[in-house]
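Okay, so here's the structure we're looking at.
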Amino acid sequence: MKIAIVGGINIDIEGVPFKTIKYRDSNPGKIRLSYGGVGRNIAENIARLGGDCAMVSCVGDEPMSLGAVSNLRELGVDVSHIRVFKEEMPSMYLSILNHEGDMELAVSDMEIIDHIDPDYIDEIKPFLEKAEVVALDGNLTEAFLEHATDALKGIKLFYDPVSANKGVRAKRFVGRFFAVKPNRIEAEAILDMKISSDEDVRKAGRRFMELGVSKVFITLGEDGVFFMEEGDWGFIRPAKDLEIKSATGAGDSFSACILLGISMGMSAKHIAEIGMTASRITMGTRKAVSDEISMELIEELMNKEI
């Protein structure tokens with residue numbers, strides 16, 4: 001096992017209206033039910049990209065959650081450290097997209113993830129120490145994140161804040177992470193600074209590095225992604241012909257590329273390039289994880305853009 005992911009496994013409910021959203025009204029559209037969760041999506045992407053990974057999580061004892069675990073197992077992910085809790089509601093994520101495929105709003109019910117507590121990290125520490133890189137998603141509690149980053153010193157840790165409200169949980173110890181991938185709003189919340197220009201983004205990257213982070217990736221939506229590591233930084237802009245069917249899961253495919261890239265010793269620039277291409281593939285499908293994603297497809301698309 002090269003990569004371990006500690007995070008959530010969700011049941012995703014996604015609604016997409018046919019036309020512009022009318023608030024306080026019923027909007028005709030499509031509703032989809034699928035497996036999701038930041039941690040789970042990252043794990044599936046890594047498996048489809050040929051990586052060796054394990055998932056650490058907890059689920060309820062009901063058909064959809066157990067099906068999500070079985071799905072990961074079938075993809076080759078190590079699920080031996082996913083705990084099943086009886087009589088618990090599953091972790092669920094309800095999102096409403098606009099007619100262009102971008103998220104308008106979402107509601108998450110992820111209380112079950114609180115079962116991943118500091119005591120659990122001590123229990124599974126010998127298992128996680130076998131990994132070359134460990135990912136911690138932002139849905140984990142502040143107490144867990146602080147304890148985990150202390151207990152796993154010496155291991156390369158990756159942090160995906162998930163949201164600005166959750167990202168501040170790691171504010172006091174974000175420098176313990178080897179790599180981070182906030183979006184612009186999450187970076188503002190963690191660093192207590194306003195980011196309104198490319199120069200501000202560069203300053204934010206430098207501040208993360210001054211705190212101790214080695215590889216910084218700040219996603220900028222339609223403006224692409226900023227990357228920084230010692231001796232190199234820059235922006236990777238999205239393809240001009242980018243087609244968006246759904247933005248859900250795009251960031252998770254990028255995170256998967258970060259983890260794979262770290263385990264393979266890639267530069268931050270190379271990671272950002274393959275991450276942007278992986279996100280492009282994901283946004284071209286209605287699913288949170290593309291069935292077609294692979295390193296071969298990523299390389300093919302990157303070669304076409306050269």
Margin query: Only sites in a loop by DSSP and with at most 12 other Cβ atoms within 10 Å count here; which chymotrypsin sites (Phe, Trp or Tyr not before Pro) in the range 1-99 make the cut?
Written below: Phe18, Tyr23
Next item on the list: Under 1.5 on a/c is rounded, so check that first for the range 50-98, then, if it is not, pick prolate when a/b is larger than b/c and oblate when it is not; a ≥ b ≥ c are the square roots of the alpha carbon gyration tensor eigenvalues.
Entry: oblate
Item checked: Qualifying trypsin sites (Lys or Arg not before Pro) in the range 211-284, DSSP loop, other Cβ atoms within 10 Å at most 14 -> Lys240
Next item on the list: Enter the accessible area of Lys287 (Å², nearest 10), with the probe set to 1.4 Å and all protein chains included.
Entry: 100 Å²
Checklist line | Summed side-chain charge close to His147 - residues other than His147 whose Cβ falls under 13 Å, Lys, Arg +1, Asp, Glu -1 | finding: -2
Check: Looking only at Gly175, Gly67, Gly37, which one moves most when the chain is put into a Gaussian network model with springs between Cα atoms under 10 Å?
Finding: Gly67
Note to self: If you take every DSSP beta bridge fully contained in the chain, what fraction is antiparallel? Give it as a percent rounded to 5.
What the structure shows: 45 percent
Notebook entry, point to check: Rounded, prolate or oblate: which fits the chain when a ≥ b ≥ c are the square roots of the eigenvalues of the alpha-carbon gyration tensor, with rounded for a/c under 1.5 and prolate only if a/b beats b/c?
Noted result: rounded
Check: Taking a 21 Å limit on the Cα-Cα distance, which of the listed pairs Lys156/Lys215; Lys22/Lys194; Lys19/Lys245; Lys166/Lys287; Lys166/Lys194; Lys2/Lys304 fall beyond it?
Finding: Lys22/Lys194; Lys166/Lys287; Lys2/Lys304
Next item on the list: May I ask you to list the GluC sites (Glu not before Pro) in the range 190-258 that are in a DSSP loop and have at most 12 other Cβ atoms within 10 Å of their Cβ?
Entry: Glu230, Glu243
Checklist line | Top of Pro182, Pro238, Pro126 by mean-square fluctuation, Gaussian network on the chain, Cα under 10 Å | finding: Pro126
Note to self: Can you tell me how the range 1-140 classifies by the Cα gyration tensor, rounded, prolate or oblate, using a/c under 1.5 as the rounded cut?
What the structure shows: prolate
Notebook entry, point to check: Where in the range 218-238 does the amide nitrogen come within less than 18 Å of the point 7 Å from the Cα of Ile185, taken along Cα to Cβ?
Noted result: 218-226
Next item on the list: Give me the accessible area per residue for the chain, probe 1.4 Å, as a whole number in Å².
Entry: 46 Å²
Check: Per the 1.4 Å probe, what fraction of the accessible area of the chain, in percent, lies on carbon and sulfur atoms?
Finding: 49 percent
Check: Extension gain Met89-Asp102, at 0.36 nm per residue separation less the Cα-Cα distance, in nm?
Finding: 1.9 nm
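The values are calculated or read from the model by the stated rules, or taken from the named source; none is laboratory data. Computed from a predicted structure; not experimentally measured. All Cβ positions, glycine included, derive from the backbone under ideal geometry; neighbour counts span all protein chains shown. Protein only, heavy atoms only, side chains kept; ligands, DNA and RNA dropped before computing areas. Shrake-Rupley method; radii C 1.70, N 1.55, O 1.52, S 1.80 Å.
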